[in-house]
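Taking it in order: structure first as structure tokens, then the write-up.
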Amino acid sequence: MDQSDQESETSPAWMAEDSKHAYFMQQALAMGEKALETNETPVGCVLVYNDEIVASGMNDTNRTMNGTRHAEFIAIAEMLQKYPKSALQSTDLYVTVEPCVMCASALKQYRIRSVYFGCPNDRFGGTGGVLTIHSDRSIDPPYPVYGGLYRKEAIMLLRRFYIQENEKAPNPRPKKNRDLNTKFDDEESAS
């Protein structure tokens, strides 16, 4: 069941029934907060194997100046230090933002069991935001994707990052007079 297009309040109704999903997503959000504190794009994730967090990651692209240092790659590298590659087939990823095309492809090649994410990635999403790499049956088996877990919290992490100055951006833009937008489309239409 692919729910990547689902919009929600804090989380989808199906997730409310299972507090383990909430716990794991909160841990991914905590990694996103940690990334924000270090001036990284605030994407955080955790890998869950046998109902335990076995690895975590946050973006590290600004510090390293390496565009492949995404949260998912860092978490996978950490997990592979302790577990065989085959363990990823029984592992779930919880990530604040829909995996990009690069990460979605890697997750497919590693045969991740499933992916749970906070907000869609409308520019680079590889699991429904732009492309649907996760469900392409031509190469490796598809994996299920569930979106909308703590969607607003994930969006707010990104907004808090993009309102600030980023000196490491290829073309830094002044943002001194910007205000943090705390409204969401669903709230604006209800007003």
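With SER90, SER105, SER56 as the choices, which residue is out of contact with any helix residue (DSSP H, G or I) (no Cβ under 9 Å at 6 or more places or on another chain) and of a type outside the set (Lys, Arg)?
Exactly one of SER90, SER105, SER56 is out of contact with any helix residue (DSSP H, G or I) (no Cβ under 9 Å at 6 or more places or on another chain) and of a type outside the set (Lys, Arg), namely SER90.
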Across (1) assigned to a helix (DSSP H, G or I); (2) surrounded by fewer than 20 Cβ atoms within 10 Å (Cβ to Cβ); (3) at pLDDT below 95, MET15 clears everything bar (2)
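If we keep just the residues of the range 111-164 that are in a loop (DSSP other than H, G, I, E, B) and of a type in the set (Ser, Thr, Tyr), which is nearest to SER90 (Cα to Cα)?
TYR143
I need the full set of residues from the range 64-80 which are assigned to a helix (DSSP H, G or I) and surrounded by 13 or more Cβ atoms within 10 Å (Cβ to Cβ), in order please.
Pass one, the range 64-80, residues assigned to a helix (DSSP H, G or I): 64, 71-80.
Those that are assigned to a helix (DSSP H, G or I) and surrounded by 13 or more Cβ atoms within 10 Å (Cβ to Cβ): ALA71, GLU72, PHE73, ILE74, ALA75, ILE76, GLU78, MET79, LEU80.
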Have a look at VAL97, VAL130, VAL115 and point out the one that is hydrophobic (A, V, I, L, M, F, W, C), farther than 18 Å from MET58 by Cα and crowded, with 16+ Cβ neighbours inside 10 Å. VAL130
For ASN39, all conditions in the list (1) of a type in the set (S, T, N, Q); (2) farther than 18 Å from TYR146 by Cβ; (3) in a helix (DSSP H, G or I) hold save one; what is the number of the exception? (3)
Those residues that are under 14 Å from the mean Cα position of the chain (by Cα), closer than 24 Å to LYS183 by Cβ and not acidic (Asp, Glu), I need them from the range 129-159; list them, please. GLY129, GLY147, GLY148, LEU149, TYR150, ARG151, LYS152, ALA154, ILE155, MET156, LEU157, LEU158
Do you know which residues across the range 42-97 are within 22 Å of LEU29 (Cβ to Cβ) and of a type in the set (Ser, Thr, Tyr)? TYR49, SER56, THR61, THR91, TYR94, THR96
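The values are calculated or read from the model by the stated rules, or taken from the named source; none is laboratory data. These numbers come from a predicted model, not from an experiment. In this analysis, Cβ positions are derived from the backbone assuming ideal geometry, glycine residues included, and neighbour counts consider all displayed protein chains.
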